[in-house]
1. Determine the shape class of the chain: with a ≥ b ≥ c the square roots of the Cα gyration tensor eigenvalues, call it rounded for a/c under 1.5, and otherwise prolate if a/b is greater than b/c, oblate otherwise.
2. Exposed loop sites here are GluC sites (Glu not before Pro) in DSSP loop states with at most 10 other C-beta atoms within 10 Å. What is the longest stretch of the chain lacking them?
3. Explain nothing, just the number: dipole magnitude of region 154-271 about its Cα centre with +1 on each Lys and Arg Cβ and -1 on each Asp and Glu Cβ, in debye rounded to the nearest 20.
4. Work out from phi, with θ = phi - 60° and the Karplus expression 6.51 cos²θ - 1.76 cosθ + 1.60, the ³J(HN,Hα) of each residue of region 2-12, listed in order in whole Hz, and give x for Gly and Pro.
5. Work out the length of the dipole vector of the chain about its Cα centre, built from +1 on the beta-carbon of each Lys and Arg and -1 on the beta-carbon of each Asp and Glu, and round it to the nearest 20 debye.
6. Are there DSSP H segments in the chain that both extend 20 Å or more along their axis (alpha-carbon positions) and score a mean Kyte-Doolittle hydropathy of at least 1.0? List them, or say none.
7. Taking Cα centroids, how far is region 105-121 from region 123-150 in Å?
8. Using the Cα centre of the chain as origin and beta-carbon charges of +1 (Lys, Arg) and -1 (Asp, Glu), tell me which of ILE33, GLN230, ILE118 is placed farthest towards the positive end of the dipole.
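What follows is calculated from the coordinates using simple rules that are stated; it is not laboratory data. In this text the structure is predicted, and so the values were computed from the model without any measurement. All Cβ positions, glycine included, derive from the backbone under ideal geometry; neighbour counts span all protein chains shown.
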Amino acid sequence: MLKGKVAFITGASRGIGEAIAMKLAKEGAFVAIVAKSTTEDPRLGGTIYSVAEKITAAGGKALAVKCDIRDEEQVIAAVQQVVAIFGGIDILVNNASAIMLTGTLETESKRFDLVHDINVKGTFFVTKHCVPFLKKSSNPHILTLSPPIDLNPKWLGPYIAYTISKYNMSMMSLGWAAEFKEQGIAANSLWPVTTIATAAVKNLLGGEMLINRSRKPEILADCAAYILQQPSKECTGNLFLDENVLKSAGITDLDQYAVNPGGPLQRDLYV
């Protein structure tokens with residue numbers, strides 16, 4: 001069902017975004033790799049070009065699009081570029097995000113602005129400029145990588161600035177599901193039950209020890225592919241957890257996604 005669909009994926013130069021891009025391309029979608037990484041950072045790896053090359057080498061169709069989603073003019077140009085080359089947009093994956101695990105007293109104004117400019121403002125305006133083209137699709141979907149909303153103080157207390165930015169992303173999913181219901185545009189969020197083996201987890205959270213207790217990004221890629229094939233008028237307004245999505249898809253062997261099969265797993269910060 002994804003064959004020939006056009007997917008606009010932010011933050012797709014590495015990690016979860018790259019895994020989703022690879023999966024959708026394998027399913028036949030035309031994939032726009034939208035990110036600002038054009039040269040490789042040794043700590044993070046990956047660029048828009050390296051991911052596009054992997055997809056092309058595997059027989060898929062990809063377009064590398066340089067874009068800093070904090071800049072609305074760059075967002076508009078990126079959307080226009082994708083539409084000009086691929087003919088439209090059927091799927092938007094809001095994956096780009098910045099992380100900041102600090103308490104109130106340790107949070108600097110500059111870093112606070114960065115996180116909210118990417119997670120909140122960037123996600124909002126990317127969606128705004130994709131919606132006119134999503135309206136023209138036969139099965140349009142917006143999928144945002146953000147957690148379930150739980151106002152229990154234990155989730156808010158440790159990293160309040162980061163948490164409210166991610167909750168904002170989830171609230172936007174719920175809002176868009178209502179706002180665009182009549183146009184048949186689905187809006188959902190997706191989040192992992194466990195930590196995911198990405199550069200951010202390795203560099204910022206727990207090094208190799210935590211990587212070994214994590215699942216691979218492919219678990220979210222498989223979930224995304226399943227969600228994006230559902231009828232958009234029916235599958236909307238959900239804050240999905242990956243394990244529940246896989247259960248719906250009939251996938252019961254989750255050990256296949258573990259970095260260390262059979263080993264202990266670390267639950268995510270917001271689950």
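1. rounded
2. 1-181
3. Dipole of region 154-271, to the nearest 20 debye: 320 debye.
4. 8, 4, x, 6, 9, 10, 9, 10, 8, x, 9
5. Dipole about the Cα centre, nearest 20: 280 debye.
6. 72-86
7. Value for the Cα centre distance between the two parts: 22 Å.
8. My answer, from the dipole projection, is GLN230.
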